[in-house]
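Attaching a single structure in structure tokens format; questions to follow.
The values are calculated or read from the model by the stated rules, or taken from the named source; none is laboratory data. What you are looking at is a predicted structure, and each value in this text was computed from that prediction instead of being measured. Methodologically, a virtual Cβ is constructed for each residue, glycine included, from the backbone with ideal geometry; neighbour enumeration extends over all protein chains shown.
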Amino acid sequence: MTAAARTRQALWLSLLMVVIASTAAVATRFASARVSIEAIVTVQYLICLLLCLPITLRRGFGNLKTRRIGLHFFRGGAGVLGFYLFYGALARIPMVDAVLLRQSAPLTVPLVAWAWSSERIPLNAWGPLAIGFAGILMILRPSPEGLSWWHAAGFVSALCLSISMVATHKLATTEPASRILFYYFLLSLICVAPFSAADFGGLYWQDWAAMLYTGVAIYLTLGLYTRAYAIAPAHAIAPVNYLAVVLGAFWGWLLWGQVPDGWSAAGSAMVVVGGILTVYLAKGPARGRRAHAAADSKTVK
């Protein structure tokens, strides 16, 4: 298969991933009307853990051996907090705003890498970062009266996602993907399950269906993401992730009558431009891993 054909295949896989992820966000918002966020996240991680077990244990229990359990815990904690805040924001602010703020993760990856490993941020990256963060401020719209805290939570979820991505790439130097995912799902489940133990009574079958679908959908997006970024460079397909913003606006309008105002629309455009430029400018050989991390703004880290 030629490089162009691989890129086309990766683009279709990425498009399918974004569509599935957007429907998972819809299911989460639907379930959150009657179900606690803790319960939704617990079911999600339980399903993902059960689905990944056959792959992880295919090579035997020896595949679970790790010397980096601390980093696994840290990565899992960041992932749980990120999902919790994202789902909380989905339930309380316009869907397009929550999705867009989550998709701003590529803007924070260079800052996290600098704070964690003292990785230098290239001079040509500061312009796109400034554009993106200006867009975030337009969406958050801080004022003397205060800040929309659930909008802020949406942005913190993106920061947690970027921390999780950087941690994942550090783990990947010694750990296979199946082990990383196993410990992510297991440790995340351990973190959140105690807080949801009393939250499953009196739920309707529609609530269970929405939660089960979300868990399966999140796991599917993992597989599609892994395949897409294995066969094509991140900078070539990462822009497809930002279709999630368009889909978020579409679902929000169709199902809940939400129409983005001018500030949100302008801010969204700036975040998308800044995010795409950030990924594109990081495509050089010396920064390939960071480009790959920055591209993963949508999914399950």
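Hey, among the residues in the range 193-230 that are part of a loop (DSSP other than H, G, I, E, B) and not hydrophobic (A, V, I, L, M, F, W, C), which one's nearest to SER178 (Cα to Cα)?
The extreme case among them is SER196.
On the basis of being surrounded by 15 or more Cβ atoms within 10 Å (Cβ to Cβ), in contact (Cβ under 8 Å) with a residue 60 or more places away in the chain, out of contact with any strand residue (DSSP E or B) (no Cβ under 6 Å at 6 or more places or on another chain) and β-branched (Val, Ile, Thr), does VAL166 make the cut? Show your work before the answer.
Working: surrounded by 15 or more Cβ atoms within 10 Å (Cβ to Cβ): yes; in contact (Cβ under 8 Å) with a residue 60 or more places away in the chain: yes; out of contact with any strand residue (DSSP E or B) (no Cβ under 6 Å at 6 or more places or on another chain): yes; β-branched (Val, Ile, Thr): yes.
The answer is yes for VAL166.
Return the pair list, or none, for Cβ contacts closer than 9 Å from residues in the range 9-23 that are closer than 11 Å to LEU224 by Cβ and without any contact (Cβ under 8 Å) to a residue 12 or more places away in the chain to residues that are surrounded by 22 or more Cβ atoms within 10 Å (Cβ to Cβ) and not hydroxyl-bearing (Ser, Thr, Tyr), at least 6 apart or on different chains.
From residues that are closer than 11 Å to LEU224 by Cβ and without any contact (Cβ under 8 Å) to a residue 12 or more places away in the chain, the pairs are TRP12/ALA228.
Another question, if that's okay. Could you list, in sequence order, the residues of the range 214-266 that are within 15 Å of SER22 (Cβ to Cβ) and of a type in the set (Phe, Trp, Tyr)?
Just the residues of the range 214-266 that are within 15 Å of SER22 (Cβ to Cβ), to begin with: 214, 216-218, 220-221, 224-225, 240-256, 258.
Those that are within 15 Å of SER22 (Cβ to Cβ) and of a type in the set (Phe, Trp, Tyr): TYR225, TYR242, PHE250, TRP251, TRP253, TRP256.
Can you pull out every residue in the range 74-106 that is outside any helix (DSSP H, G or I) and either at pLDDT below 90 or of a type in the set (S, T, N, Q) (or both)?
Scanning the range 74-106 gives GLN103, SER104.
Kindly establish whether VAL109 is among the hydrophobic types (A, V, I, L, M, F, W, C), surrounded by 19 or more Cβ atoms within 10 Å (Cβ to Cβ) and either touching a Gly at 6+ places or on another chain (Cβ under 6 Å) or part of a helix (DSSP H, G or I) (or both).
Numbers: among the hydrophobic types (A, V, I, L, M, F, W, C): yes; surrounded by 19 or more Cβ atoms within 10 Å (Cβ to Cβ): yes; either touching a Gly at 6+ places or on another chain (Cβ under 6 Å) or part of a helix (DSSP H, G or I) (or both): yes.
The answer is yes for VAL109.
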